[in-house]
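A short worksheet on the structure shown next.
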Amino acid sequence: MNIASNIRKLAILFVAFFIAASAGLVYWQVVVAQQVTSNIHNLRSCLPANVPVRGKIYDRNGVLLAESVPTDTGTGCGYVRRYTDPSLAGLIGYYAGTQYSSTGIEQQYNNYLTGQVGTSSLENLVNQTLHQPPVGDSLYLTIDERIQKIVNQDFDTYVKIDNDNTFQSDRGAVIVMDPQTGAILAMVSRPTFNPNTLVNQLNVNNLAYYNQEANDTEQPLLERPTQGLFIPGSVFKTVTLMAGLNSGKTTLNQGFDQQHAMGPLYIDGQQIIGNNIQGYTFHFPVSTEYGYTHSDNLIYGQIGVNIGQQTWLNYAKRLYLSQKIPFDLPVATSTVLKNNQSLADNALAEDAFGQGYDNVTPLQMALINNVAADNGRLMRPTLISKITDKSNSVVQSFTPQELSSPVSQQTATEVRQAMYGVARCGSGSIVPDLYNSPWGIIGKTGTGQVSTNGTPAANAWMITQAPYSISNPNQLPDLTIVAMKENGGDGGLDVGPMVAKMYADIFSHHYVNAQTPAAPSSTYCCSEQLLQLGCS
């Protein structure tokens, strides 16, 4: 018997077992430690040493929006999330521990906030081995908390409810953007929920508040700016105007005689109804620009048909309709087709003036608006400004990114001119706060019909830009605001007052630096033939 050989074999066996055991420990304690501690069936996930100290969330100026603080109830998983502005609940989302799904920014950037990626990840490998709490990176948003508070407050601006044109609505969305960078400065969804109440109750496994909000018919958990799909009405004429001008299928001064402007008009044997010029239009022909100013469905239905299905759909695609919008949060896909089927001419006509199969998010309309405001460029919409580690060193920064140029600079300039006509001579001019604003607000109103008999009331929309001066059209607007109230009725009357107040409050406080444009000409509407009533 060779004792030395047997001892050597036994030693090799022990070494092999030791290596295997060590590899197993490394695998479970380091490689997949995060998955193990995050598993809802692992009770050790709630031990203080395993609970990530999530990174903080700030606005663009360093104002604290979300942080983790130690629990004061003796229950839960060591830390509980605290939020400073409930109006951002849907955007930031909520985090209530590993046993519940998170939402919003909390979900999309969970790997950074928990330190699984970023510069904190290497340090956290050591922390996990030593059973120290992982530390996450912090996020800086493009949101300006000062503007966010203004928008949230001004959403409740008084409007006259007349049970004919305007209706009471506490549901809607507002998005404020810098069109030259794509940065979102404010985003409000109404109604919303209180994330602190939700997190506190979930922290002790109490689902009462969550169930209450989830079952509320007004859907406070729905983030309307990105996840709500709504019939746009006449704001969507902007898509058709862009496509028509850029493809050469129309011009601002193309003429339409009485029948083609007021009807009756039949396309594919179906009568296309609805115009907004009867009662104050007495001279023909009227122009494409006149039809946009006064929101004539018949004119824009014909322009859409003349553009043709393939070309019109191509421009819709350029504007990210019917496709995924690149963004820091998931966005519901806006549509212009039913089940991806082709459009007959009568259906194309209805789509072209904002009804038919059109179903869009407020963010989608914000992108369309921004293309006009930024001379035809489409910038990627952004919410994240930068990511920093616990020493405040920048882990990752985000710079403005141009997605495409859907239309030419000339087309964008002409669309802004048409928007000016709306504000000075058309549906926007009947709103005193808009008409008299010193900030040169331009835009398009929309009344998205959701029923055939007027019940429920239409969705009220406005897409807007400011400041703008018709005497200096090459000076681009500094700010865009898209606002929508569900079932609010007339877009200008219901949404116009609050939008005008938002611009006034933002610009007057210099939260966005803007030059006051030159005073508008009192004769513009008549001289440009955008108004007939009251013109000699």
**Message:** For the range 156-222, take every pair of Cα atoms, bin their distances at 5 Å starting from 0, and report each bin as a whole percent.
**Reply:** 3, 13, 16, 14, 16, 15, 12, 7, 3, 1
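For the chain, give the share of DSSP beta bridges that are antiparallel, in percent and rounded to the nearest 5; count only bridges with both residues there. The partial results should precede the final answer.
Working: 50 of 54 bridges.
Of all bridge pairs located within the chain, approximately 95 percent are antiparallel.
For the chain, what does -39500 (n - 2.57) per DSSP helix run (n ≥ 4), summed and divided by total residues, give at 222 nm, in deg cm²/dmol to the nearest 500? It would help to have the intermediate numbers written out before the result.
Details: 21 runs with 189 residues, N = 536.
Helices in the chain give a 222 nm mean residue ellipticity of -10000 deg cm²/dmol.
Take every Cα pair under 8 Å in the chain that's 6+ residues apart, average their separations, divide by the length, and report that relative contact order as a whole percent. Mind showing how you got there, number by number?
Values: 1137 pairs, mean separation 83.0, N = 536.
Contact order relative to length: 15 percent.
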**Message:** Assuming 0.36 nm per residue, please report the length gained on full extension of the stretch Asn436 to Ala344 beyond their Cα-Cα distance.
**Reply:** 28.9 nm
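Would you mind working out the magnitude of the charge dipole of the range 191-327 relative to its Cα centre, with +1 at each Lys and Arg C-beta and -1 at each Asp and Glu C-beta, to the nearest 20 Debye?
On the way: 6 positive and 8 negative charges, 92 e Å.
Using Cβ point charges on Lys, Arg, Asp and Glu, the range 191-327 gives about 440 debye.
Once the other residues with Cβ under 15 Å from the Cβ of Ala173 are scored (Lys, Arg +1; Asp, Glu -1), what is the net sum?
Residues close to Ala173 contribute a combined charge of -3.
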**Item:** Qualifying trypsin sites (Lys or Arg not before Pro) in the range 276-325, DSSP loop, other Cβ atoms within 10 Å at most 14
**Value:** Lys324
**Prompt:** Lys/Arg Cβ at +1, Asp/Glu Cβ at -1, dipole of the range 234-342 taken about the Cα centre: which of Ala332, Trp312, Gln259 is farthest positive-ward?
**Reply:** Ala332
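What is the local net charge at Pro497, summed over the other residues whose Cβ is closer than 14 Å to its Cβ (Lys, Arg +1; Asp, Glu -1)? All intermediate terms of the calculation are to be shown ahead of the outcome.
Details: positive: Lys160, Lys485, Lys501; negative: Asp154, Asp156, Asp162, Asp433, Asp490, Asp494, Asp505.
Result for the neighbourhood of Pro497: -4.
For the pairs Lys237/Lys501; Lys249/Lys338; Lys149/Lys324; Lys149/Lys501, flag any whose C-alpha to C-alpha distance is greater than 18 Å. Provide the component values of the computation, followed by the final result.
On the way: Lys237/Lys501 25 Å; Lys249/Lys338 25 Å; Lys149/Lys324 29 Å; Lys149/Lys501 13 Å.
Cα-Cα > 18 Å for Lys237/Lys501; Lys249/Lys338; Lys149/Lys324; rest within.
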**Request:** On each of the three principal axes of the Cα atoms of the range 220-310, give max minus min coordinate, whole Å, ordered largest first.
**Result:** 50, 31, 28
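Could you order peptides 329-340, 281-292 by the average number of other Cβ atoms within 10 Å of their residues, highest first? It would help to have the intermediate numbers written out before the result.
Numbers: 329-340: 16.9, 281-292: 20.8.
Result, highest mean Cβ count within 10 Å first: 281-292, 329-340.
Compute and list, largest first, the equivalent-ellipsoid semi-axes of the range 294-424 from the alpha carbon gyration tensor, each √(5λ) rounded to a whole angstrom.
Values: eigenvalues 215, 68, 29 Å².
Working through the eigenvalues yields semi-axes of 33, 18, 12 Å.
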**Asked** What span do the alpha-carbon atoms of the chain cover on each of the three principal axes, reported in whole Å from largest to smallest?
**Response** 119, 49, 43
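Every number in this text was worked out from the coordinates using simple rules, so none of it is lab data. Given the structure is predicted, the values throughout are model-derived calculations rather than measurements. Using ideal geometry, Cβ is built from the backbone for each residue, glycine included, and neighbour counts are taken over all protein chains shown.
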